[in-house]
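Dropping a structure here in C-alpha cells format, bear with me for questions.
Bear in mind these aren't lab numbers, they're just calculated from the coordinates by the rules spelled out. Predicted model only: the values in this text are computed from it and were never measured. Because the Cβ atoms are built from the backbone with ideal geometry, glycine has one as well, and the counts that use them run over all protein chains shown.
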Amino acid sequence: MEDRYLISRVDGDNFDSFINLIKQLAIYEKLAPPDDQAIARLKTDCLSSSPRFEGFIAYIDDLPVGYMIALMTYSSFLARPTLFIEDLFILEAHRKQGIGKVLFDFAKDLAKKRECGRIDWTVLDWNEPAIKFYLKHGGTHLKD
C-alpha cells in the first residue's frame, strides 16, 4: 500500500499545492490563512538558495494530501542538531490511511541522516487527534 505514497520536497512546480495545504490547515485550526505578502515570504524562505525552512508534500496516488514544514535548531545539552517540525498536516479526508505515519517516518529518517539528537514539535492543546497520533508513534508529551 505504501507504494501509493510519495513525499516530495516543495519546489517551484508544487509550491501552489503547498500553499493550498497551508490554507487547509488554517481552516482546520480556525485561523486566518497567509495573505499574499506572507505567501511571497513563504516562497522566498522555502525556495531560496539558503532556505529558512524545508517544505515537504505528502501524496497519495499523485494527489497532494498533506505537508510538513521542518527546520533545524540545536540542542546545547545534547550538543546535536534538532529537527523541528513546524507543521505536519494531513487533509481530514485522507487521515487514518497511513500517510501521516509515512510523513512522520520521513521526518525521523531525515533527523537520523542529519545526526539529530531529537525531533521537536508543538501541538495545540485542543488537538487531541494530533496528540494521540504523536504518542502512538513514539512521541513524548512534555507539559512544560
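Once each part is reduced to its C-alpha centroid, what is the distance from the stretch 106-122 to the stretch 38-91 in angstrom?
Measuring centre to centre over Cα atoms gives 12 Å.
Based on the alpha carbon coordinates of the stretch 30-77, what radius of gyration and maximum Cα-Cα distance (Dmax) apply, in Å?
When restricted to Cα atoms, the stretch 30-77 yields Rg and Dmax of 13.8, 42 Å.
Identify, among ALA107, ILE60, PRO81, the residue whose Cα sits farthest towards the positive end of the charge dipole of the stretch 2-136, taking +1 on the Cβ of Lys and Arg and -1 on the Cβ of Asp and Glu, with the dipole about the Cα centre.
PRO81
Follow-up question, since we're still on this one. Which one, GLY117, SER49, TYR28, is farthest towards the positive end of the dipole of the chain when Lys and Arg carry +1 and Asp and Glu -1 on their Cβ?
GLY117
Follow-up question, since we're still on this one. Give the Cα extents of the stretch 56-108 along the principal axes, in whole Å, largest first.
Sorted from largest, the Cα extents of the stretch 56-108 read 40, 16, 14 Å.
Report, to two decimal places, the Cα Rg of the chain normalised by 2.2 N^0.38 Å (N = number of residues). Don't jump to the answer; show the numbers that get you there.
Working: Rg = 15.0 Å, N = 144, 2.2 N^0.38 = 14.5 Å.
Computed over Cα atoms of the chain, the ratio equals 1.03.
Also, I was wondering about something else. Of all GluC sites (Glu not before Pro) in the stretch 63-144, which ones are in loop regions per DSSP and have a Cβ with at most 15 other Cβ atoms within 10 Å?
On the way: sites: GLU86, GLU92, GLU115; in loops: GLU115.
Passing both the DSSP loop test and the Cβ count: GLU115.
Report, in deg cm²/dmol and to the nearest 500, the calculated mean residue ellipticity at 222 nm for the chain, where each DSSP H run with n ≥ 4 adds -39500 (n - 2.57) and the sum is divided by the residue count.
Values: 4 runs with 50 residues, N = 144.
Helices in the chain give a 222 nm mean residue ellipticity of -11000 deg cm²/dmol.
Over the stretch 83-144, what portion of Cα pair distances is larger than 19 Å, expressed as a whole percent?
Considering the stretch 83-144, 29 percent of its Cα-Cα pairs are separated by more than 19 Å.
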